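Take a look at the structure below.
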Amino acid sequence: MRSMAIGREWMRRGGSSRLIASVSAEIRLTQGSRTYPQHLVRSHAGILRTLSGMCRMWRPQVVLLDLAELSEEFVVEVRRTAPQAVLAGLDCNGPLSARVEVAINLFAHPLAATKCRARHCYFGLPFAILREEFDRHRSIGGRMRREVRRLLVSLGGTDDTEMTVTLVNELRKCLPQAVGLDIVVGPGVQNPENIHRQISDPSIRLYMRPARLAEMMSKCDVAVANAGTTALELMSLGKAVVVVGRNASEERFGEWLHELGGASYATARDGDVEAVCQTVRELCENLARRRRLGRRAWQLVDGSGRQRVVDILRRASLGFDGGNAG
C-alpha cells in the first residue's frame, strides 16, 4: 500500500509514468497510478516477468521496492532487469542497502544510519508514508474530550496471535463500562471469526478490514496499536496512542516514540498484557497527558511523508549529487 500511495503522489505531482513501484507484501506492481491485477504477479517470479516487460516498454527512471520481504538475490535480478533506473528501497538497511542508490527507512532510529550503505539514506518519522484518506481527517492535535468515550485497539494487519483477544478482554475488566471498545482486525489475521467468538463482552465492536479506517480512528479518544504503521497513522491524527512492543524490534521503535514524546509505550512480551492495560488505564485518567501526547504526535507525523519521498525520488531521477541524509 505504501508504494501504491507513492505512485499516486508521483502522478499528482506531475511526474511521468516512468516510476515503477513494487509492493512485495501485497505481491503487486504499480506503474504510475495504475495497479496491475494481483493474479498477474502472484509470485516473485511473476513480479520479475511483469517488471521486465514494463521496463522494456517504459524504461523507468525509478524503481521503488518495498524491501521488507525481499531477498538480496531478488534485488540483484531487478537491477539486471532495469539497469538504467535508480533503485530506491523502503525499509532498506544493513547489507541489502548496498544494492540500492536510495534507502528510506521509516522505522529505523536515526542512529541506525551508520548501517546504511546506500549513497543516499533517509531515516525517521518525516518520511512516514500514509494513505491519502488520512489527509482528510488530520486536525490539530490535542483537541480531546475530557472523558474517554471510545478506545480503539489495532495490533496491525498481521497479528495472528491471541493477544488481541486477551488484551481486549482484560481492558474491558479494568476500564469503566462507559468506555466503548472498538477492535480493528487486519487482512493478515488468521481466522478473524475466532476473535469474535472469544470476546467476553457483547458491547465490544469488531471491525474486519474497515473501508473507512481513517474516519474510525479519528473518532477514538485513546488507541492501542502495534509498533508500526498503525501507530503512525493514529499519531498523524493527533491521537493519544499506547504503542505495544511484542518483540525486540517493536520494543526499540516503541521506546523511541516514547522518548520523542509522541506516544506512550508498554511491552507485551510472551503475550503478557498487564503492562499495556495499566498504561492504558493511566492514560485514560490523565487528560493533560493525553493532550500533550496528541499535540506532539500530530507534529511528529505531519502528513507530508509522501511528498517528501516523491521529492527524493524526483531528485534521484535527475541524478542528484552530494549528501542528503535525513
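The table for this structure:
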{"quantity": "Residues of segment 268-277 satisfying the condition of being under 12 Å from residue 243 (Cα atoms) and surrounded by fewer than 19 Cβ atoms within 10 Å (Cβ to Cβ)", "calculated": "275"}
{"quantity": "Selected residue [modelled with pLDDT under 95 and of a type in the set (Lys, Arg)] from 289, 314, 281", "calculated": "314"}
{"quantity": "Scope segment 126-147; condition small (Gly, Ala, Ser) and at pLDDT below 85; matching residues", "calculated": "139, 141, 142"}
{"quantity": "Condition met for residue 248 (surrounded by fewer than 20 Cβ atoms within 10 Å (Cβ to Cβ) and out of contact with any His (no Cβ under 6 Å at 6 or more places or on another chain))", "calculated": "yes"}
{"quantity": "Test for residue 217: is it more than 22 Å from residue 272 (Cα to Cα), assigned by TED's automatic domain parsing to the domain that holds residue 270, of a type in the set (A, V, I, L, M) and without any contact (Cβ under 8 Å) to a residue 40 or more places away in the chain", "calculated": "no"}
{"quantity": "Sole exception among (1) within 18 Å of the chain's Cα centre (by Cα); (2) of a type in the set (A, V, I, L, M); (3) modelled with pLDDT of 95 or more for residue 266, by number", "calculated": "(1)"}
{"quantity": "Every pair of residues 6+ apart whose Cβ atoms lie under 6 Å, when the first sits in segment 268-289 and is in contact (Cβ under 8 Å) with a residue 24 or more places away in the chain while the second is assigned to a helix (DSSP H, G or I) and surrounded by fewer than 12 Cβ atoms within 10 Å (Cβ to Cβ)", "calculated": "none"}
{"quantity": "Test: residue in segment 102-111 that is modelled with pLDDT of 70 or more, assigned to a loop (DSSP other than H, G, I, E, B) and touching a Pro at 6+ places or on another chain (Cβ under 8 Å)", "calculated": "no"}
{"quantity": "Matching entry among 231, 288 (being of a type in the set (A, V, I, L, M), surrounded by fewer than 19 Cβ atoms within 10 Å (Cβ to Cβ) and either over 22 Å from the mean Cα position of the chain (by Cα) or part of a helix (DSSP H, G or I) (or both))", "calculated": "288"}
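Yes/no matrix, rows are residues, columns are (1) more than 23 Å from the chain's Cα centre (by Cα); (2) at pLDDT 65 or above; (3) in the same structural domain as residue 156 (by TED's automatic domain parsing):
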residue: 25; (1), (2), (3): no, no, no
residue: 28; (1), (2), (3): no, no, no
residue: 34; (1), (2), (3): no, no, no
residue: 44; (1), (2), (3): no, yes, no
residue: 49; (1), (2), (3): yes, yes, no
residue: 53; (1), (2), (3): yes, yes, no
residue: 57; (1), (2), (3): yes, yes, no
residue: 60; (1), (2), (3): yes, yes, no
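The values are calculated or read from the model by the stated rules, or taken from the named source; none is laboratory data. The structure presented is a predicted model; accordingly, all values stated were derived computationally and were not measured. Every residue, glycine as well, gets a Cβ built from its backbone with ideal geometry; the counts of neighbours run over all protein chains shown.
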